[in-house]
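This report refers to the structure that appears directly beneath it.
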Amino acid sequence: MKIYTIYRKQQLAISTLQAWQFLSSPHYLNQITPDFFNIEITSPVPDEIYAGLLISYRMKAVFGIPMSWLSEICHCDQPRRFVYQQRVGPFKFWSHEVSLKECDGGIEVEDIVFYAMPLGWLGEALHAILIGDKLQRIFDTRYQYLQAKWGMKA
C-alpha cells in the first residue's frame, strides 16, 4: 500500500484564536475548497471541536457522484493542533493534521495529510489520472483563500 502526503505551510496575519475558530470549524469547508467539492455536513457539530467528535458529510468530489464521509477528531490541543481521520469514506486511510503556532505578525499554519487509496492497482491508477490532482487543487484552493483573506504582506 502506497502512502501519499500533502504538505502546506503558510503565515497568516491573524491571531491564533481567530485561526483556530475558522480552521477547526467544518462550517467553512465550502469557502476554502473548490466548487466541485460541494460539502454538506449531515450531523450536528458543536461550536468547539473535541477529541472523539464524529462528523458526517456528504460530498460530490468526483464526477458529481455523492459520497459519504465520516471523520473523527482524534487529537485536539486547542488552540494549537487538531487531527481528524476518516472513519468511513472513499480512502483506505486518511489523516489530516492542522497545526498553528505564533510567528512575527501572526501565525503559521501547517497542514500535513497522509492518505492511501483503496482498490489496489485500480486505486493507484485513479490516483495517477484523477484523484491526486483533485486533492492538490483542494489544498491549493485552501492556501489561496487563506492567503487572500489573511496572508502576510511581503
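Readers should treat all values here as calculations from the given coordinates under stated rules, not as data from a laboratory. Quick caveat, the model's predicted, so the values are computed rather than measured. Here the Cβ positions follow ideal geometry from the backbone for every residue, glycine too, while neighbour counts run over all protein chains shown.
Observations on the model:
- Between the Cα long axis of helix 132-150 and the first principal axis of the chain there is an angle of about 20°, rounded to the nearest 10.
- Positive dipole terminus of the chain, leading residue within Val45, Cys103, Trp69 (C-beta point charges): Trp69
- Charging the Cβ of each Asp and Glu at -1 and of each Lys and Arg at +1, and nothing else, the dipole of the chain about its Cα centre rounds to 300 debye.
- Subtracting the Cα-Cα distance of Gln144 and Ala125 from 0.36 nm times their residue separation leaves 4.0 nm of extension gain.
- Computed [θ] at 222 nm, helices only, for the chain once each DSSP H run of length n ≥ 4 contributes -39500 (n - 2.57): -6500 deg cm²/dmol
- Computed extension length for Asp35-Met152: 39.6 nm, one decimal, from 0.36 nm per residue of separation with the Cα-Cα distance subtracted.
- Separation in nanometres of the label points that stand 7 Å from Cα toward Cβ, at Glu110 and Arg137: 2.9
- Among the listed pairs Lys9/Lys153; Lys2/Lys149; Lys2/Lys101, those whose Cα-Cα separation exceeds 26 Å are Lys2/Lys149; Lys2/Lys101.
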